[in-house]
Amino acid sequence: MDNAKLHVAIVSSPGMGHVIPVLVLGNRLATVHGVRVTILVITTSNSDEECRFLKTLTLSTLVRVIALPPVDISAKITPATAAVTQLCMSVREALPIIRSSIASMNCCPDALILDLFCPSAIPIAREFNLPVYAYAPTNAWSTTLFMYIQVLDKEIEGQYVEQKEPLRIPGCKSVRPEDVVDPMLDRNDQQYHDYIELGIGLTRSDGILVNTWEDLEPTTLKALRENETLKPAVKVSVYPIGPLTRPVEPSSLKSKVLEWLDEQPVDSVIYVSFGSGGVLSADQIKELAFGLELSQQRFIWVVRLPLDGGLSKSDDPLDYLPDGFLNRTKNVGFVVPLWAQQVEILGHPSVGGFLSHCGWNSTLESISAGVPMIAWPLYAEQKLNAAMLTEDLGVAVRPEVLATKKMVERAEVEKMVRMVMQQKEGQEMRQKMKQLKSSADDGLSNRGSSFSSMYNVLDEIRLNSRNQNH
Ligand code: UDP
């Protein structure tokens, strides 16, 4: 059986941040490997944005996207129910619909791929005798921590954030207590227990596809394969298949921001954005603005509403900038409210730096464009990503104290921006980023490590299908 006859179903948990990486994976499987893909998107009553987005997509003709009927968990939650717990509930609620969707497919899939929040669907794959893989749209280090929390949970007493020593993961870089992912912040919250269960669930799949590549995380990937102390907890094959990033949107109209970039010198603009959900306090927005101004560097800044002060004052994010800021910076700055075409901006030759919250997608997009970063993590696993970018890869600078602990003052913003955009350190980081970009391109190329990793998964699926049919 060749790839053209393979059919893979991928299940996505609700939320744009989960749907987009799954679509990118599905599109890669179809366009590069010729696999037929059905994507089942779990939706809730809050999924209007996703449903609208799904209708606008141009994907390979081999990809079919099905938005499942919305699940309703409203009777089971309170305003205090944390995000991870809500996600786990939504996925459990959707299990009967996932089962019936697979049963009613004209052509039964040859394998199931589940996103990080869907391990509770593994028994469905087993019922249909399908191999089942998990997709971690993040790096290998945080995926390993995710699976290893079950061990840390038994070894460590008290809250992780109060530990004096780094959290050790055999064969991998240790995790500083202050850098732990959000669900590990409070061990008394239900979402911590749900998170452990999700991590254990991952290890019960037949393999985990991770959005990283061999040359980016050789030590962690080696530990996952060979470390005898780590193996008992994470006894599952890990396949680095990345970096998978969103392609540039085909658009005939050039946006104003891209036109503005065309007029700026090469590597002269710092792009500032905190992803789809990162918000700063009103005071921090002002301090960042003053810092950018003091740096005297060109910038594009995607400004969002602040965490505090919000709607009660104004629903225009630009109203939270310091008085006169827009006027004073009009020759060097371009401010975009709420949302910008990030992939296109980062790929523009005039962009020479990225001040980012270090979401993994933004990180990969910056690497794929060869752009050095200022790491300003806010939530989720971003602190781990920032630690990797600054300490292991040497492609980013970060504030002395985490922005979540203490306001980053204008002088420090100015210093970091100048360092990345003007100084020798920035040049070195840019050089290293370009090398990373080139290793990422190699990994994805035909016969590259990530291409081969994905090919091996498809080979396993093909073999299993052949055995089933005999
Ligand atoms: N993004 C964008 N424009 C924006 C903000 C974000 O296109 O103004 C995209 C960005 O390119 C990335 C995604 O949204 O693909 C954000 O994902 P990431 O993992 O970096 O952070 P998250 O939003 O999940 O915190």
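Please treat every number below as a calculation from the coordinates, not as lab data. For clarity, every value in this text was computed on a predicted model and none was experimentally measured. Backbone-built Cβ (ideal geometry, glycine too); neighbour counts: all protein chains shown.
Residues whose amide H lies under 5 Å from that of I208, counting only those 5 or more places away or on a different chain, are A134, S237, V238, Y239; hydrogens are built 1.01 Å from N in the peptide plane. Estimated from the Cβ-Cβ distance and a Förster radius of 25 angstrom, the FRET efficiency linking E127 and R466 is about 0.75. If you plug the beta carbon distance of E263 and D442 into 1/(1 + (r/R0)^6) with R0 = 30 Å, you get a FRET efficiency near 0.35. On a 0 to 90 degree scale, rounded to 10, what angle separates helix 190-203 from the longest Cα axis of the chain? The angle comes out at about 60 degrees.
Once both labels are positioned 7 Å from their Cα atoms along Cα-to-Cβ, the gap between L338 and E400 label points is 3.9 nm. How would the range 54-193 be classified by its alpha-carbon gyration tensor: rounded, prolate or oblate, with rounded meaning a/c under 1.5 and the a/b versus b/c comparison settling the rest? It is prolate, given that a/c is not under 1.5 and a/b is the larger ratio.
A straight chain from A411 to L318 at 0.36 nm per residue would run longer than the Cα-Cα distance by 31.3 nm. Rounded, prolate or oblate: pick one for the range 395-470, where a ≥ b ≥ c are the square roots of the eigenvalues of its C-alpha gyration tensor, a/c under 1.5 means rounded, and failing that, prolate if a/b is larger than b/c, else oblate. Because a/c hits 1.5 or more and a/b fails to exceed b/c, the range 395-470 counts as oblate.
In order along the range 422-432, the Karplus-derived 3J(HN,Hα) couplings, from 6.51 cos²θ - 1.76 cosθ + 1.60 at θ = phi - 60°, round to 10, 9, 4, 4, x, 4, 5, 5, 5, 4, 5 Hz, and Gly and Pro are given as x. Remark on V336: its backbone amide H falls under 5 Å from those of W301, V302, V303, a criterion applied only to residues 5 or more positions apart or on other chains, H modelled at 1.01 Å from N. Each residue of the range 237-244 was assigned a 3J(HN,Hα) from its phi angle through the Karplus curve 6.51 cos²θ - 1.76 cosθ + 1.60 (θ = phi - 60°); the sequence is 6, 10, 10, x, 10, x, x, 9 Hz, with glycine and proline shown as x. Using the rule -39500 (n - 2.57) for each DSSP H run of four or more residues, divided by the residues of the chain, the 222 nm mean residue ellipticity is -13000 deg cm²/dmol.
Multiplying the residue separation of E93 and N327 by 0.36 nm and removing their Cα-Cα distance gives an extension gain of 79.0 nm. Here D48 and Q422 are evaluated by their C-beta separation; at R0 = 35 Å the FRET efficiency comes out at 0.20. You can think of it this way: the chain between A83 and L294 has 72.1 nm of extra reach, that is 0.36 nm per residue less the Cα-Cα gap. Between R204 and R187, the simple spin-label model (points 7 angstrom out along Cα→Cβ) gives 2.4 nm. Across all Cα pairs in the chain, the calculated P(r) in 10 Å bins from zero up to the longest distance comes to 4, 19, 30, 27, 15, 4, 0, 0 percent per bin.
Each residue, Q431 and V248, gets one label point 7 Å from its Cα in the Cβ direction; the gap between the two is 2.8 nm.
Roughly how many Å is it from the Cα centre of the range 30-58 to that of the range 87-160, as a whole number? One Cα centre to the other: 18 Å. Ranked by the mean number of other Cβ atoms within 10 Å per residue, highest first, peptides 27-38, 57-68, 369-380 order as 369-380, 27-38, 57-68.
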